Amino acid sequence: MDELIFSSAEQKLMRLLLTESTTVFPLRQLANRLKGVRGVGGPEGLKQILLKLSAVGLIDWVDHERAIRLRDDEGRVELLKVVSAVCDLETLRQSLEPICSRGFLVGVRAEGRGTTDSDYDVAVISDQQEEVLRLGRGHPLGKKIRVHFLDADNYRDEIQQFTRYVMLWGSSL
């Protein structure tokens, strides 16, 4: 899913910024992190991409225009952060879907307020709790994944305890 949504040079840059949303990136560091990404066009191409992102209000220039940071308070950035979190959990979804009838992203990442250090809160319906926990620990995000178990009969009420949720798999509510 990540490759479908974040495929162009501009999108790969946004993906990096969304993943490390609280980081201020000096331009040199950004250029190093994006080395080898097709379409960036070196330092000048990177600067052009950043100017476009700044023009639409997704980033701010800091340190006398020698660094940038994501505009965390921008509504569109919050939405993109949710999409990024869903992409981060794609392999976990593939592992858990066979043993969990439904899965939801909940918590601050579902609200688009997640930071670099935020956990990924995932609520699931499953009668194989130990296996779900084992798969969660074995995922590359490992310690950042927190699993919440919902009751199959009462999940509609239980999911309402979260401010916002995003269905990752299963039929709709």
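Report the relative contact order of region 35-101, percent, no decimals, based on alpha-carbon pairs under 8 angstrom and at least 6 residues apart. Show your work: numbers first, answer last.
Numbers: 30 pairs, mean separation 9.7, N = 67.
Answer for region 35-101 is 15 percent.
What does the charge add up to near ASP2, with Lys and Arg as +1, Asp and Glu as -1, over the other residues with Cβ less than 9 Å from its Cβ?
Residues near ASP2 contribute -2 overall.
Please work out how much length the chain gains when fully extended from GLN129 to GLU20, using 0.36 nm per residue of separation minus the C-alpha to C-alpha distance, in nm with one decimal. Could the numbers behind the result be given before it?
On the way: separation 109, 0.36 × 109 = 39.24 nm, distance 3.06 nm.
Once the chain is fully extended between GLN129 and GLU20, it gains 36.2 nm.
Hey, which lysines would be in cross-link range of LYS144, C-alpha to C-alpha under 24 Å, not counting anything within fewer than 8 residues on its own chain?
Leaving aside lysines fewer than 8 places away in the same chain, those within reach of LYS144 are LYS12, LYS81.
Under the rule a/c < 1.5 gives rounded, and otherwise a/b versus b/c splits prolate from oblate, where does region 1-138 land using the Cα gyration tensor?
prolate
Would you please state the base-10 log of I(q)/I(0) at q = 0.17 1/Å for region 64-172, with intensities from the Debye formula using one equal scatterer on every alpha carbon?
Values returned for q = 0.17 Å⁻¹ are -0.77.
Would you kindly find the accessible area of ASP127, with a 1.4 Å probe and non-protein molecules such as ligands, DNA and RNA excluded, rounding to the nearest 10 Å²?
140
Residues with beta-carbon under 9 Å from that of THR22, excluding THR22: net charge, scoring Lys, Arg +1 and Asp, Glu -1?
Value of the local net charge: -2.
If the only charges are +1 at each Lys and Arg Cβ and -1 at each Asp and Glu Cβ, what is the size of the charge dipole of region 70-154 around the Cα centre, to the nearest 20 debye?
For this selection, approximately 260 debye.
With point charges of +1 on the Cβ of Lys and Arg and -1 on the Cβ of Asp and Glu, referenced to the Cα centre of the chain, which listed residue (ALA67, LEU168, LEU80) lies farthest in the positive direction of the dipole?
ALA67
Trypsin sites (Lys or Arg not before Pro) within region 1-50: which are DSSP loop residues with at most 14 other Cβ atoms inside 10 Å?
Values: sites: LYS12, ARG15, ARG28, ARG33, LYS35, ARG38, LYS47; in loops: LYS35, ARG38.
Of the trypsin sites (Lys or Arg not before Pro), the ones in loops of region 1-50 whose Cβ has at most 14 other Cβ atoms within 10 Å are LYS35, ARG38.
Provide the percentage of antiparallel DSSP beta bridges, counting only those with both residues in the chain; round to the nearest 5.
The answer is about 75 percent antiparallel.
Let's see if you can work this out: charge +1 on each Lys and Arg Cβ, -1 on each Asp and Glu Cβ, no other charges. What is the dipole magnitude of the chain about its Cα centre, in debye to the nearest 20?
760
Let me check against my output: what whole-number percent is the relative contact order of region 56-171, with C-alpha pairs under 8 Å and at least 6 apart?
26
So how many Å³ per residue does the convex hull of the Cα atoms of region 24-96 work out to?
In region 24-96, the Cα convex hull volume per residue is 115 Å³.
Summing +1 for each Lys or Arg and -1 for each Asp or Glu, what net charge is found among the other residues whose Cβ lies under 12 Å from the Cβ of GLU158?
Values: positive: ARG102, ARG156; negative: ASP151, ASP153, ASP157.
Cβ neighbours under 12 Å give a net charge of -1.
Obtain the nm distance between the two label points defined at SER8 and GLN161 by a simple spin-label model: each point lies 7 Å from its Cα along the Cα-to-C-beta direction.
That separation, rounded to one decimal, is 4.3 nm.
What is the distance, in nm, between label points placed 7 Å from the Cα along the Cα-to-Cβ direction at THR116 and at LEU51?
With each label placed 7 Å out from Cα toward Cβ, I get 2.8 nm.
Pick from GLU130, GLU20, GLU111: which residue has the top mean-square fluctuation in a GNM of the chain where Cα pairs under 10 Å get a spring?
Of the options given, GLU130 has the highest mean-square fluctuation.
The values are calculated or read from the model by the stated rules, or taken from the named source; none is laboratory data. Source: prediction; values computed, not measured. Here Cβ is always computed from backbone atoms with ideal geometry, including for glycine, and neighbour counts include all displayed protein chains. Ligands, DNA and RNA are excluded from the accessible area calculation, which covers all protein heavy atoms including side chains. Shrake-Rupley method; radii C 1.70, N 1.55, O 1.52, S 1.80 Å.
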